[in-house]
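What follows is calculated from the coordinates using simple rules that are stated; it is not laboratory data. Quick caveat: nothing in here was measured; it's all calculated off a predicted structure. Note that each Cβ is placed from the backbone with ideal geometry, even for glycine, and that neighbours are counted across all protein chains shown.
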Amino acid sequence: MTKKFIVKNINDLDEVSSKILKFNNQYKKFAFFGDMGVGKTTLIKFLLKKLGVNDNVTSPTFSIVNEYLSEKLGSIFHFDFYRIKNEKEAYDIGIDEYLSSDNYCFIEWPNKINSFIDDNFVNVYIDIVDDNKRNIMINYKK
């Protein structure tokens, strides 16, 4: 199933993040595709807030994974694989264990770990229209 959203400004992300989680309430694994600076981390911040995370959400560019806590849902993991050289590095940090857990996982740069991305993921594609406007398309198996 595919859903499309047009985000005209950052304020639209509050509503869009609610809709993404509502449409995909049986899924807990999300893969975010898009160029550098398109707004992947910004969208993830809104999604995490909807899931009850009150921490300051930042991109795990250097740490590769950040763990956030939700009082309702427990640990939620946010990955950024931009800097890894190969899938073995992801395997070495235990990506397969994270993905086999029942925790929410949000992954930036999933193209770096293609063999770990399967039909249990919601794929989120973000494209820049102009400085403020973004097209967001979500795709998942139903």
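Things worth noting here:
- Counting only alpha carbon atoms, the long axis of helix 40-50 and the longest principal axis of the chain meet at about 90°.
- The loop-placed trypsin sites (Lys or Arg not before Pro) in the range 64-94, going by DSSP, that have at most 16 neighbouring Cβ atoms within 10 Å of their Cβ come out as Lys72, Arg83, Lys85.
- Using θ = phi - 60° in the Karplus curve 6.51 cos²θ - 1.76 cosθ + 1.60, the 3J(HN,Hα) couplings for the range 98-110 round to 4, 6, 8, 6, 8, 7, 5, 9, 10, 10, 9, 6, x Hz; x is entered for Gly and Pro.
- With the simple spin-label model, which puts each label point 7 Å out from Cα in the Cβ direction, the Asp118 to Phe23 separation comes to 2.4 nm.
- Secondary structure note: in the chain, about 60% of the DSSP beta bridges are antiparallel.
- Amide H partners (placed H, <5 Å) of Ile117, local residues excluded: none
- Cross-linked pairs Lys45/Lys141; Lys112/Lys141; Lys4/Lys72; Lys19/Lys88: Cα-Cα separations exceed 32 Å for Lys19/Lys88.
- Loop-resident chymotrypsin sites (Phe, Trp or Tyr not before Pro) (DSSP state other than H, G, I, E or B) in the range 35-91 with no more than 12 further Cβ atoms inside 10 Å of their Cβ: Phe62.
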